[in-house]
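One structure below.
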Amino acid sequence: MPVGLSNDEQKYILMHEMTHIQRKDNIIKALAFAIAAIHWFNPLVWLAFILMSADMEMSCDEKVLKVMNGDIKKPYAQSLLSLAVGRHILTGNPLAFGEGNVKQRIKNVLKYKKPRFWAIALSIMIVAALGTGLLLNPKAEELEQVNEYNLKTINIEIGKFVEDNLAIIMSSPMEESDPDAYIRAHQGEYENIIKYGGEEALQYMLSQFERGNAEGLRGYIMMQLCKELLGARNNVTDDTLTPQEWYEALSIRQEIKLPDFEYDGTDPIEKLAYSTEVEMSSQHRSGFTIVAPKIFGSYDEDGKLKVFVTTYSAAYKLYGNVLNMESGSVVPAAITYRKDNNGSYVLEEYEQAMDGAEWLPSIKKFCTMPVSGKEIPGLANKIIKHYGNYDDIYNLHLENLFRHLKANGIEEAILFNPLGEIEFSMKKTQYIK
């Protein structure tokens, strides 16, 4: 666990991880990954693996809330936020408490409500029915026909899928007038539309607004769904508007494509570190990448150079003047370069700190000279101590984000954290923390 945790945070994390152990999640996840590796060509298998991992994390979060009677929702969400690192391994399979779609987990925690008995019973029956069905082994041509039919069904019947789930959400509690009460009572159906309907469900609901079919409770629930699916693309900030007024004011923000951050300084070691960290962190599908490395030292030995850094990196998308953080991480690393025939340094090895119990030993292991492998005295302790308080690279990261936006002609941009608080703004002449 990271250093500097409060007693409450330690309790949350240990209970969350013990739930994984009790449920044999480590074994299940390994088997699931093996299946995904065998069926690597099937996108549905990878989708199932990703959704399983996400549900596994949220289920353990809910177990902690259930044991503590749900009275810790806000502090638990704050712990998730403060420990969020956003690192992704292959398909986003989380390896630590603060990893794996933290934004969605925080929303799930804050909206948590103890499930009713009938909902649990219904879920068990559905899983049992699906399990029985999956035991059957259709012929290849039959399976191809089924897959083709399913894809057509998803496209044709997205409206029915959305309407069926909306009908359940609106079915109770009839005595309530607050739309949020209906959503809380049917969180599963609400999440179904978001998880499985996605962009198609959004377009269907927007078409309902266009046709004027968004009155009353139905309109309010669809407005909430659309807001969540749109995220930073939603330009309407007035929460007092009726659903139809919200739609009339809506002008969906389009993504502004920006390049990754480029170091413009003159220090050769910093230039190498920045270039490598951007290369290792860049995910063009996830937007543009900003990095902020702290260099603890560089050691040259027999034509090889080894640089030790802890880097705050994050990927952003910009919609209009609103930033959305797609992923982020704070990771210690050792970067080894070799000199080529032209005297330039070429990347040879990139070693990151490992997760969990291997985090500290892995740092001590890579804090060695590039050729002889001799331990560098005091370096590991310096890196580990800094990890307990990395405000310096957090602030450098915001500075680099500010400079990058400015350099690309962006004069106004704002970033909100998952709790809705302003984390960054370009207004006035400087970013704010």
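Of note:
- Residue, surrounded by the most Cβ atoms within 10 Å (Cβ to Cβ), within region 348-368, restricted to residues that are out of contact with any strand residue (DSSP E or B) (no Cβ under 7 Å at 6 or more places or on another chain) and not aliphatic (A, V, I, L, M): S362
- Exactly one residue out of I183, I154 is of a type in the set (A, V, I, L, M), in a helix (DSSP H, G or I) and at pLDDT below 90: that is I154.
- There is at least one residue in region 197-220 that is outside the structural domain of F416 (by TED's automatic domain parsing), over 26 Å from K257 (Cα atoms), acidic (D, E) and not in a loop (DSSP other than H, G, I, E, B).
- Restricting region 257-276 to residues that are assigned to a helix (DSSP H, G or I) and free of Cβ contacts under 8 Å to residues at least 40 places away in the same chain, the residue that is surrounded by the most Cβ atoms within 10 Å (Cβ to Cβ): Y274
- Any hit, region 208-216, residues being surrounded by fewer than 17 Cβ atoms within 10 Å (Cβ to Cβ), in contact with a helix residue (DSSP H, G or I) (Cβ under 7 Å, 6 or more places away or on another chain) and not charged (D, E, K, R): no
- Candidates in region 381-432 are the residues that are of a type in the set (D, E) and closer than 16 Å to L318 by Cα; of these, the one that is modelled with the lowest pLDDT is E423.
- Pair list, Cβ under 9 Å, 6 or more apart: region 162-181 residue outside the structural domain of Q224 (by TED's automatic domain parsing), other residue modelled with pLDDT of 90 or more and not in a helix (DSSP H, G or I): none
- Among the conditions (1) buried (at least 16 other Cβ atoms within 10 Å of the Cβ); (2) modelled with pLDDT under 95, Q254 misses just one, which is (1).
Conditions (1) of a type in the set (D, E, K, R); (2) over 20 Å from T289 (Cα atoms); (3) under 25 Å from the mean Cα position of the chain (by Cα), marked per residue:
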| site | (1), (2), (3) |
| --- | --- |
| L347 | no, no, no |
| Y350 | no, no, yes |
| W359 | no, yes, yes |
| V371 | no, yes, no |
| K382 | yes, yes, no |
| H404 | no, no, yes |
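- Out of Y337, Y394, Y319, Y345, sole residue that is buried (at least 18 other Cβ atoms within 10 Å of the Cβ) and closer than 30 Å to I256 by Cα: Y319
- Checked across region 205-215, the condition of being acidic (D, E) and within 24 Å of the chain's Cα centre (by Cα) holds for no residue.
- Options S298, S362: the member that is farther than 30 Å from L229 by Cβ, not in a strand (DSSP E or B) and not aromatic (F, W, Y): S362
- If the condition is being assigned to a helix (DSSP H, G or I) and farther than 16 Å from A201 by Cα, then region 223-249 contributes A232, P243, Q244, E245, W246, E248, A249.
- Enumeration of residues in region 262-305 that are at pLDDT 95 or above, among the basic types (K, R) and under 31 Å from the mean Cα position of the chain (by Cα): K271, K294
- Residues of region 294-312 classified as within 16 Å of A380 (Cα to Cα) and touching a residue at least 60 places away in the same chain (Cβ under 8 Å), total: 8
- Qualifying residue in region 369-380 (condition: at pLDDT 95 or above, outside any helix (DSSP H, G or I) and surrounded by 18 or more Cβ atoms within 10 Å (Cβ to Cβ)): yes
- Filtered by the rule that a residue be assigned to a loop (DSSP other than H, G, I, E, B) and in contact with a strand residue (DSSP E or B) (Cβ under 9 Å, 6 or more places away or on another chain), region 381-407 gives a lone residue, Y390.
- Checking each residue in region 277-295 for being touching a Phe, Trp or Tyr at 6+ places or on another chain (Cβ under 7 Å) and outside any strand (DSSP E or B) picks out V278, M280, G287.
- Selection from region 368-384 of residues that are basic (K, R) and without any contact (Cβ under 8 Å) to a residue 60 or more places away in the chain: K374
- The set of residues from region 331-361 being closer than 16 Å to T276 by Cβ and in contact (Cβ under 8 Å) with a residue 60 or more places away in the chain comprises V331, I335, Y337, Y345, L347, Y350.
- The single residue among S82, S6 that is within 19 Å of the chain's Cα centre (by Cα), at pLDDT below 85 and among the hydroxyl-bearing types (S, T, Y) turns out to be S82.
The values are calculated or read from the model by the stated rules, or taken from the named source; none is laboratory data. Just so we're clear, the structure is a prediction, and the values are computed from it rather than from any experiment. Here Cβ is always computed from backbone atoms with ideal geometry, including for glycine, and neighbour counts include all displayed protein chains.
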